[in-house]
Amino acid sequence: MKKLFTFAAMLIAAVSINAQDPIPATCAEAAAAMPAQSGSETEEVYIVTGYVTNTNGAISPSRTDASIDQQTFYMDDVKGSKKTVQGFWCNLPGHEALNVGDKITVTGKIMNYNNTPEIKNGDVAILERATVKIDTIDATVCEALEEGSSLNDKDYSDDVFRVYGRLKGADAVNNNGQHTFEMACGDEIFKPYNCKGEEGLELSKGDSVVVTGKLYNYGGTIEISNGKVELIEKSQEEVVIIAVTVDEAIIAAKALAQGGTSDDIYAVTGYVDSIAIAYSEQYNNISFFMTDDMANPNYDFEAYRVKVTKEQADKIDKGVKVTVTAPLKRYYVAATDEKPEIDLAETVEGGTFKFADESAVINVTNAAKSVKCIENGQIVILRDGVRYNLLGTELR
């Protein structure tokens with residue numbers, strides 16, 4: 001009987017702890033409560049009060065409940081631009097975005113995200129609305145880059161920009177229908193990142209677009225993150241896919257600048273050597289290493305977050321020959337005291353997949369089907385069964 005009573009008392013105490021009210025905290029107190037270990041979060045739930053100090057102004061439906069809109073922002077105990085606590089895709093009380101200067105509370109557990117105090121998917125309540133006038137400014141890519149370069153790292157512009165220009169290379173579309181691509185002013189790159197377009201929007205190299213959102217300085221790369229993209233005019237340039245082996249894809253990717261992405265699309269054929277990231281049912285993608293020779297794998301090429309169905313994922317196993325079609329990327333992370341350098345060839349997230357024995361599908365902007373391949377170190381274009389060089393001269 002004593003044991004039963006003791007167990008019941010413990011159960012009641014546990015329920016009482018779990019049911020306790022969130023702990024009130026200022027932004028400074030929330031930062032002090034952050035766990036020391038990166039990736040860890042508090043056991044307790046906090047309700048943090050402060051002012052919004054930085055945000056891109058974009059909202060997006062929750063991936064678990066589309067009726068709820070979410071937003072990412074920073075907050076501090078006083079109005080200004082100090083970024084003490086980050087609210088990462090937190091649940092808004094309505095469908096209007098937060099503005100800099102709004103006084104709010106965010107309720108959730110406090111996480112150590114790379115030594116930044118963060119509340120992820122917390123619940124927002126608005127205490128006071130700031131009176132904010134936001135201008136929308138039309139700009140070329142060059143003008144956007146000039147304006148964005150004046151921002152501090154990880155800061156957004158106060159104003160919204162409509163940036164007009166053309167795609168420098170291919171468009172990468174993630175499983176949420178968000179578009180990531182590059183636009184250029186000379187050698188400088190402007191990068192719309194995870195921008196939303198109309199359902200079914202297809203973009204390709206050379207297309208004329210307008211991208212709307214706040215400018216963002218991400219480590220020196222000027223972006224519009226989670227903005228909106230609209231097609232103005234399709235390019236007349238033919239979409240060409242370069243067919244390569246894994247080794248040829250590695251050579252092409254390593255020729256890019258560190259962190260760079262190719263303008264062209266590549267169809268990379270090789271064998272699955274190992275699974276890097278297991279299939280995600282939430283995002284319908286998978287990552288795996290590829291090789292040309294199963295007897296001598298080198299782990300230098302990763303097919304990253306490739307779009308697949310559950311049925312395809314179940315058949316992707318070591319030794320299976322596949323083709324992944326996407327732009328290439330040179331993924332680079334400098335060495336630190338704790339970790340070695342990473343210099344890896346990848347496909348850009350959102351690439352298409354097929355098993356190598358399936359018929360290839362090449363998308364082009366006209367009725368002709370084209371594919372590039374490498375023969376004896378030279379690029380050859382195949383169109384309607386005829387071989388051409390890069391100058392358009394027929395080869396025999």
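The values are calculated or read from the model by the stated rules, or taken from the named source; none is laboratory data. Just so it is clear, the structure is predicted and the values come from calculations on it, not from any experiment. Positions of Cβ are backbone-derived with ideal geometry, glycine not excepted, and every protein chain shown enters the neighbour counts. Side chains included, ligands, DNA and RNA excluded: accessible areas come from the protein's heavy atoms. Shrake-Rupley method; radii C 1.70, N 1.55, O 1.52, S 1.80 Å.
Taking the stretch 209-227 as the search range and keeping residues that are open to solvent by 20 Å² or more (accessible area, probe 1.4 Å) and of a type in the set (Ser, Thr, Tyr), which one is farthest from the chain's Cα centre (by Cα)? Ranking the candidates gives THR212 first. The strands (runs of 3 or more DSSP E) located wholly in the stretch 73-159 that include 1 or more residues which are closer than 30 Å to MET183 by Cβ occupy 85-91, 111-113, 116-120, 136-140. Only one of these is open to solvent by 40 Å² or more (accessible area, probe 1.4 Å), touching a Ser or Thr at 6+ places or on another chain (Cβ under 9 Å) and modelled with pLDDT of 95 or more: GLU230, GLU237. Name it. One residue alone meets the criteria, GLU230. Do you know which residues across the stretch 303-353 are of a type in the set (D, E, K, R) and under 15 Å from VAL246 (Cα atoms)? Once the filter is applied, which keeps residues that are of a type in the set (D, E, K, R) and under 15 Å from VAL246 (Cα atoms), the stretch 303-353 yields LYS321, LYS329, ARG330, GLU346.
Does ALA170 qualify as being closer than 23 Å to ALA257 by Cα, not basic (Lys, Arg) and not in a loop (DSSP other than H, G, I, E, B)? For ALA170, the condition - closer than 23 Å to ALA257 by Cα, not basic (Lys, Arg) and not in a loop (DSSP other than H, G, I, E, B) - is not met.
Within the stretch 231-249, restricting attention to residues that are acidic (Asp, Glu) and not in a strand (DSSP E or B), which residue is farthest from LYS205 (Cα to Cα)?
It comes out as ASP247.
The criterion of at least 2 residues that are open to solvent by less than 40 Å² (accessible area, probe 1.4 Å), touching a Pro at 6+ places or on another chain (Cβ under 8 Å) and closer than 20 Å to ASP357 by Cα is met, among strands (runs of 3 or more DSSP E) falling completely within the stretch 250-314, by 261-280.
If you go through the stretch 35-72 and pick out every residue that is in contact (Cβ under 8 Å) with a residue 12 or more places away in the chain, in a loop (DSSP other than H, G, I, E, B) and either surrounded by 20 or more Cβ atoms within 10 Å (Cβ to Cβ) or of a type in the set (A, V, I, L, M, F, W, C) (or both), you end up with 7. Taken as a whole, the structure places LEU92 among residues that are surrounded by 14 or more Cβ atoms within 10 Å (Cβ to Cβ) and either among the hydrophobic types (A, V, I, L, M, F, W, C) or over 15 Å from CYS27 (Cβ atoms) (or both).
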